[in-house]
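*Asks:* Let me give you the structure first, and then I'll get to my questions.
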Amino acid sequence: MSLRKNLPEIFDQFADARKNGFIAAKALKEQNIPMVGTFCTYMPQELPLAMGAVVVSLCATSDETIPEAEKELPRNLCPLIKSSYGFGKTDKCPYFYFSDIVVGETTCDGKKKMYEHMAEFKPVHVMQLPNTQQSEDAFTLWKNEIIRLKSLLEEKFNVEITETKIREAIVLKNFERRALKRFYGLGKLNPPAITGTDILKVLYGTTFKFDRKANIDEIEALTDRVLAAYEAGEKLERKPRILVTGCPIGGVTEKIVKAIEDNGGQVVFFENCMGAKAIEDLVDENEPDVYEALAKKYLSIGCSCMTPNPNRVALLDRSIDEYQVDGVIDVILQACHTYAIETISIKKFVNASKTIPYMSVETDYSTADIGQLNTRMAAFVEML
Amino acid sequence: MKIMGIDSGSTTTKGVIFNGTHVTHTLIVPTSYNPKSTMENLQLALHKLSGDDEHIPVYTTGYGRDLLSSKKQSITEITCHGAGAAFLNADTTTVLDIGGQDSKVIQLDVKGNVIDFLMNDKCAAGTGRFIEVMMRTLHKDLLELDDLVTSHTPVKISSMCAVFAESEVISLLAKGIDPGDIALGVLDSICERSAHFVKRLNRDAPIFFSGGLAQSKSIKISLEKHLGVPVHTHEKAQLVGAIGAAVIGYRKLSASRL
């Protein structure tokens, strides 16, 4: 990344990472570097990294292939699942095409049943993720599943994944997490330094950059640039500060962030998968058992597929204070039961314990609801 | 100082002039295929009514709120309905507005500020459109609703979807069921649905009911039955959005002139 570029260009560079990553992915395949596709943050990325593979998120973010998916999957299903399945089925996603294996987890009902069908046209491995973080048995199951994934990868790619390599990967991923945390931590600045749209561009784009070390340097350099500009007086106007939580966003669902920021709000924190949810906690580098360390970190991710799900509330609690949040928007993808049901407890927590306004919005991968989203967001911001 | 408030809804466009204490002039016209020109015509007509030579600042709300180029500012219908309801009835803490193509519940604090809201804008069931379609199927005018249902027994309408409910009404008519019984059934069905909607936000406080349907006594009675709390309305309840826009506009302009 050239430091001579203007900040907006750098943000766009991250936004274009997904598109440009296609070529990078092809080049990697030509060098015979394995690619592991994922659909969830629960996949311990350190394992593929330890064998020199690259990891790519396959969660689709457009409605282009939904009609194709609906030939087989029910219409009343989460758009992320339908669209991801559709992209796989139609071979329209180069990342899916280049992935040597897809690793899924038993997270939500929609995904785990979808993998059964996906396995018919792609090598799929599904990790048995417990639906609770509360018991010793759940932890043991997850730790064993991580070890099982390691053996599976070793066998499939005919490599040895040593503990030393895993440790190196843990250190590298922790560096990346720290860099990303420092970057999205810019959201704490008040008046703001950057828009939520730009924060999301970087968080999303960074998942399509395959050279982890270069990626870390780019993020650190970008944060430095923003901070320097801020100290030199480049500050944004103060606006009501919004925290976005709930289902994964990215691609077409950026319409939510746009609707918030077009109507007078400023997104300062993303709690979603693409945001802090999976980045916030590091893997313990001092834990003697690497599998224990990985299991601990990944099982603690506060997704609504966990019951109960106290870690989501704990992260919200902390970030609402640290980011001086004025209001919370909970994004629910249509037919996502776990997040939809959890809105009740999140609303109660935000309204009663944090005494700030909360609104949940249900949306899908179409652009049909942009008018309604604008009205809702404008009304929400007027309320603050 | 005078302020004009215009609420550009999907079915009707409403306008009021507010002088800081009273709503002095009001106008309701059907929204045409061109909501922008409907707003412009309404603005002209209201201005004429007021007999003023000077320009009256306009604040807009509703679906077409951003269309009027001469507006001072646009404000969402949520905020305006809240402010309008609090102006018409100072004790209001919960507003139910059943509009032509959406419905909303708004919760207010004691000062009349919006603290929470819900909107249904995905489905015609639970909106004014539902009753409009059913009345058309019954070949009756919406204004006759109260006369039509008085001393009738409601038939159960089981379809929640406006399209299916229309077929249901047609088959009930074919069976020779009295149109008054059917109309009361339709009305009961939308009120039951609206009551569930209100209960998602409200904890047993009286309701201020606004929107075009608030003109109907029978809808108010049915809502009270389903909600189990008093339902208040106002002769100007259809104008509540426009009144809210004018009241907020008045506050904003007064504050900026201090």
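No lab work stands behind these numbers, since they all come straight from the coordinates. Just so you know, these numbers come straight off a predicted model, no measurement behind them. Cβ coordinates were reconstructed from backbone atoms using ideal geometry, including for glycine residues, and neighbour counts include every protein chain displayed.
*Asks:* Have a look at B:E168, B:E144, B:E54 and tell me which one the Gaussian network model of chain B (Cα, springs below 10 Å) gives the largest fluctuation.
*Replies:* B:E54
*Asks:* Another one. Within 10 Å of each Cβ in peptide A:371-384, how many partner chain Cβ atoms are there on average? Round it to a whole number, please.
*Replies:* If you average over the peptide's residues, the count of other-chain Cβ atoms is 5.
*Asks:* Could you list A:F175, A:F270, B:F164 in order of exposure, starting from the residue whose Cβ has the fewest other Cβ atoms within 10 Å?
*Replies:* On the way: A:F175 18, A:F270 27, B:F164 13.
Taking fewest neighbouring Cβ atoms as first place, the list is B:F164, A:F175, A:F270.
*Asks:* Fully extended, how many nm does the chain gain between B:S167 and B:H22 (0.36 nm per residue separation, minus their Cα-Cα distance)? It would help to have the intermediate numbers written out before the result.
*Replies:* Numbers: separation 145, 0.36 × 145 = 52.20 nm, distance 4.58 nm.
The B:S167-B:H22 span can extend by a further 47.6 nm.
*Asks:* If one takes the longest principal axis of the Cα atoms in chain A, at what angle in degrees, from 0 to 90 and to the nearest 10, does the Cα axis of helix A:290-299 lie?
*Replies:* Between the helix axis and the principal axis of chain A, the angle is about 40 degrees.
*Asks:* How tilted is helix B:240-257 with respect to the longest principal axis of chain B? Cα atoms for both, answer in degrees (0 to 90, nearest 10).
*Replies:* Approximately 20 degrees, to the nearest ten.
*Asks:* Residues with amide H under 5 Å of A:D281's amide H, sequence separation 5 or more or different chain, H placed in the peptide plane at 1.01 Å from N; which?
*Replies:* Long-range HN contacts for A:D281: none found.
*Asks:* Work through the residues other than A:C59 whose Cβ is under 12 Å from its Cβ and net out their charges, Lys, Arg +1 and Asp, Glu -1. Provide the component values of the computation, followed by the final result.
*Replies:* Values: positive: A:R18, A:K82, A:K111; negative: none.
It works out to a net charge of +3.
*Asks:* Which entries in A:K348/B:K111; A:K29/A:K213; A:K255/B:K220 show an alpha-carbon gap greater than 27 Å? Write down the numbers at each step before the final one.
*Replies:* Values: A:K348/B:K111 22 Å; A:K29/A:K213 19 Å; A:K255/B:K220 38 Å.
The pairs that break the limit, which is 27 Å between Cα atoms, are A:K255/B:K220.
*Asks:* Most exposed first by the Cβ proxy, i.e. fewest other Cβ within 10 Å, how do B:H25, A:H337 rank?
*Replies:* Working: B:H25 19, A:H337 14.
Placing the least packed residue first, the sequence is A:H337, B:H25.
*Asks:* If one computes the Cα centroid of the stretch A:144-186 and of the stretch A:73-134, what distance in Å separates the two points?
*Replies:* Cα centres, the stretch A:144-186 to the stretch A:73-134: 21 Å.
*Asks:* If the limit is 24 Å between Cα atoms, which of A:K188/A:K347; A:K354/B:K72; A:K277/A:K354; A:K209/A:K347 go over it? Kindly include the intermediate steps, with their values, before the conclusion.
*Replies:* Values: A:K188/A:K347 22 Å; A:K354/B:K72 35 Å; A:K277/A:K354 19 Å; A:K209/A:K347 35 Å.
Violating the 24 Å limit, Cα to Cα: A:K354/B:K72; A:K209/A:K347.
*Asks:* Select from the stretch B:1-90 those chymotrypsin sites (Phe, Trp or Tyr not before Pro) which occupy a DSSP coil region and have at most 12 other Cβ atoms within 10 Å, ordered by residue number. It would help to have the intermediate numbers written out before the result.
*Replies:* Numbers: sites: B:F18, B:Y33, B:Y59, B:Y63, B:F87; in loops: B:Y33, B:Y63.
Here the sparse-neighbourhood loop sites are B:Y33.
*Asks:* Here is a further query. Looking at the square roots a ≥ b ≥ c of the eigenvalues of the Cα gyration tensor of chain A, which shape do they give, rounded for a/c under 1.5, prolate if a/b is larger than b/c, or oblate? Provide the component values of the computation, followed by the final result.
*Replies:* Working: a/c = 1.40, a/b = 1.26, b/c = 1.11.
Rounded is the answer for chain A, as its axis ratio a/c remains below 1.5.
*Asks:* Right, here's the next one. How far is helix A:163-184 tilted off the main Cα axis of chain A, in degrees rounded to 10, range 0 to 90?
*Replies:* 10 degrees
*Asks:* Taking every pair of alpha-carbon atoms in the stretch B:93-233, give the share separated by more than 27 Å as a whole percent. Show your work: numbers first, answer last.
*Replies:* On the way: 1756 of 9870 pairs.
Value for the stretch B:93-233: 18 percent of Cα pairs lie more than 27 Å apart.
*Asks:* By how many nm would the segment from A:S300 to A:A232 grow when fully extended, if each residue of separation counts as 0.36 nm and the alpha-carbon distance is taken off? Don't skip to the answer; put the middle values down first.
*Replies:* Details: separation 68, 0.36 × 68 = 24.48 nm, distance 3.92 nm.
Here the answer is 20.6 nm.
*Asks:* Once label points are set 7 Å from the Cα along Cα→Cβ at both A:L152 and A:D91, what is their separation, rounded to one decimal in nm?
*Replies:* Taking the simple label geometry, A:L152 and A:D91 are separated by 2.5 nm.
*Asks:* Tally Lys/Arg at +1 and Asp/Glu at -1 over every other residue whose Cβ is under 13 Å from the Cβ of A:S99; what's the total?
*Replies:* Details: positive: A:K26, A:K29, A:K122, A:K156; negative: A:D91, A:D100.
So the surrounding residues net to +2.
*Asks:* Let me ask you something else. Test of understanding: ordering A:E72, B:E166, A:E30 by Cβ neighbours within 10 Å, fewest first, what list do you get?
*Replies:* On the way: A:E72 12, B:E166 16, A:E30 8.
Going from sparsest to densest Cβ surroundings: A:E30, A:E72, B:E166.
*Asks:* Given a Förster distance of 60 Å, report the FRET efficiency between B:R136 and A:I344 from their Cβ-Cβ distance, rounded to the nearest 0.05. Intermediate results must be reported in sequence, preceding the final value.
*Replies:* Details: r = 38 Å, r/R0 = 0.64.
Efficiency for this residue pair is about 0.95.
*Asks:* Another question about this same structure. Please report, in cubic angstrom per residue, the volume enclosed by the convex hull of the alpha-carbon atoms of the stretch A:303-367. Each step should come with its number before you reach the end.
*Replies:* Details: hull volume 5.9 nm³, N = 65.
Spread over its residues, the Cα hull of the stretch A:303-367 gives 90 Å³ apiece.
*Asks:* Still on this structure, I have one more. Cut-off under 14 Å on the C-alpha distance; same-chain residues fewer than 8 positions from B:K225 excluded. Which aspartates and glutamates are left, in chain and number order?
*Replies:* B:D188, B:E192, B:D204
*Asks:* How big is the gap, in Å, between the Cα center of the stretch A:308-384 and the Cα center of the stretch B:9-33?
*Replies:* What the calculation gives is 34 Å, centre to centre.
*Asks:* Which log10 I(q)/I(0) values, to two decimals, does chain B give at q = 0.08, 0.16, 0.17 Å⁻¹ under the Debye formula with one point per Cα?
*Replies:* -0.32, -1.12, -1.22
*Asks:* Explain nothing, just the number: relative contact order of chain B, from Cα pairs under 8 Å at least 6 residues apart, as a whole percent. List each step's numbers first, then the result.
*Replies:* Details: 529 pairs, mean separation 61.0, N = 258.
Relative CO of chain B lands at 24 percent.
*Asks:* Counting C-alpha atoms alone, how compact is the stretch A:145-217: give Rg to one decimal and Dmax as a whole number, in angstrom.
*Replies:* Gyration radius and largest Cα-Cα distance of the stretch A:145-217: 16.6, 53 Å.
*Asks:* Still on this structure, please answer the following. Report the Cα-based extents of the protein assembly as shown along its three principal axes, largest first, to the nearest Å.
*Replies:* For the protein assembly as shown, the Cα extents along the three principal axes come out at 84, 67, 41 Å.
*Asks:* What shape does the stretch A:120-181 take by its C-alpha gyration tensor, where a ≥ b ≥ c are the square roots of the eigenvalues and a/c under 1.5 counts as rounded, a/b above b/c as prolate, and the rest as oblate?
*Replies:* Cα axes put the stretch A:120-181 in the oblate bin.
*Asks:* OK, next. Taking 0.36 nm per intervening residue step and subtracting the Cα-Cα distance, what contour gain separates B:S50 from B:D147 on full extension?
*Replies:* Gain on extension, B:S50 to B:D147, equals 31.4 nm.
*Asks:* What residues have an amide H closer than 5 Å to that of B:T13, excluding those fewer than 5 places away on the same chain, when H is modeled at 1.01 Å from N in the peptide plane?
*Replies:* It is B:V29, B:T31, by chain and number.
*Asks:* I would also like to ask the following. From the phi of every residue in the stretch B:71-84, what ³J(HN,Hα) in whole Hz does the Karplus formula 6.51 cos²θ - 1.76 cosθ + 1.60 yield, where θ is phi - 60° and glycine or proline is x?
*Replies:* Per residue, the Karplus-derived 3J(HN,Hα) values read 5, 6, 6, 10, 9, 5, 5, 5, 4, 5, 5, x, 5, x Hz.
*Asks:* Go through the stretch A:267-282 residue by residue and turn each phi into a ³J(HN,Hα) via Karplus (6.51, -1.76, 1.60, θ = phi - 60°); whole Hz please, and just put x for glycine and proline.
*Replies:* Working through the residues one at a time gives 7, 10, 7, 10, 8, 4, 3, 5, x, 6, 3, 9, 9, 3, 8, 8 Hz.
*Asks:* Still on this model: Give a residue-ordered list of calculated ³J(HN,Hα) values for the stretch A:234-246 (Karplus: 6.51 cos²θ - 1.76 cosθ + 1.60, θ = phi - 60°; whole Hz; x for Gly, Pro).
*Replies:* 7, 10, 8, 5, 6, 9, x, 9, 10, 9, 9, 9, x
*Asks:* Work out how far the C-alpha atoms of the stretch B:91-162 reach from end to end along every principal axis, then list the three figures in whole Å, largest first.
*Replies:* For the stretch B:91-162, the Cα extents along the three principal axes come out at 43, 28, 21 Å.
*Asks:* Need one value for A:245-253: mean number of C-beta atoms belonging to other chains within 10 Å of its residues' C-beta atoms.
*Replies:* Numbers: counts 0, 0, 0, 0, 0, 0, 0, 0, 0.
Counting Cβ atoms of other protein chains within 10 Å of each residue's Cβ and averaging gives 0.
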